[in-house]
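The values are calculated or read from the model by the stated rules, or taken from the named source; none is laboratory data. Every value quoted in this text rests on a predicted model; they were computed, and no experiment measured them. Every residue, glycine among them, receives a Cβ derived from its backbone with ideal geometry; neighbour counts consider all protein chains shown. Note: accessible area is taken over every heavy atom of the protein model, side chains too, but ligands, DNA and RNA are not part of it. Shrake-Rupley method; radii C 1.70, N 1.55, O 1.52, S 1.80 Å.
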Amino acid sequence: MNKTYCAAAFNHIYSNSAGVYKLCCHSNEKFSPLNKFNSKTHAPFEYFNSIEMDDIRQKMIDGEKIDGCEGCYDAEYHGFQSP
């Protein structure tokens, strides 16, 4: 498994108290391709099955780092296990 893969992008739907969908509770919500998704305007699976999420998942598989996941990358760089 590569260092950019995260199961949350494949099996998790998260929205914060403002209704903003994010990759997970640890991700940076300023991740622009997902900013258009909100629980007030989009159903959960509309977000989860979106082209944007498909692109993120493919980038993870291909070993590319994902904007918004810097916290986990940083933790792993320093020898900790990311959530």
Original post:
Tell me, which residue of the range 1-28 that is touching a Cys at 6+ places or on another chain (Cβ under 8 Å) and hydroxyl-bearing (Ser, Thr, Tyr) is nearest to Gln81 (Cα to Cα)?
Top reply: Thr4
**OP:** Filter the range 30-57 down to residues that are assigned to a loop (DSSP other than H, G, I, E, B) and over 21 Å from Ser82 (Cβ atoms), then give me how many there are.
**Re:** 10
**OP:** Would you tally the residues in the range 21-65 being in contact with a helix residue (DSSP H, G or I) (Cβ under 6 Å, 6 or more places away or on another chain), open to solvent by 70 Å² or more (accessible area, probe 1.4 Å) and over 17 Å from Tyr5 (Cα atoms)?
**Re:** 0
Original post:
Could you count how many residues in the range 66-83 are open to solvent by 90 Å² or more (accessible area, probe 1.4 Å) and in contact with a helix residue (DSSP H, G or I) (Cβ under 8 Å, 6 or more places away or on another chain)?
Top reply: 3
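Residue by residue, here is whether (1) aromatic (Phe, Trp, Tyr); (2) not in a helix (DSSP H, G or I) holds:
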position: Tyr5; (1), (2): yes, yes
position: Asn28; (1), (2): no, yes
position: Lys59; (1), (2): no, no
position: Ile66; (1), (2): no, yes
position: Tyr73; (1), (2): yes, no
position: Pro83; (1), (2): no, yes
Subject >> Condition check for Asn16: among the polar types (S, T, N, Q), touching a residue at least 40 places away in the same chain (Cβ under 8 Å) and open to solvent by less than 90 Å² (accessible area, probe 1.4 Å) >> reply: no
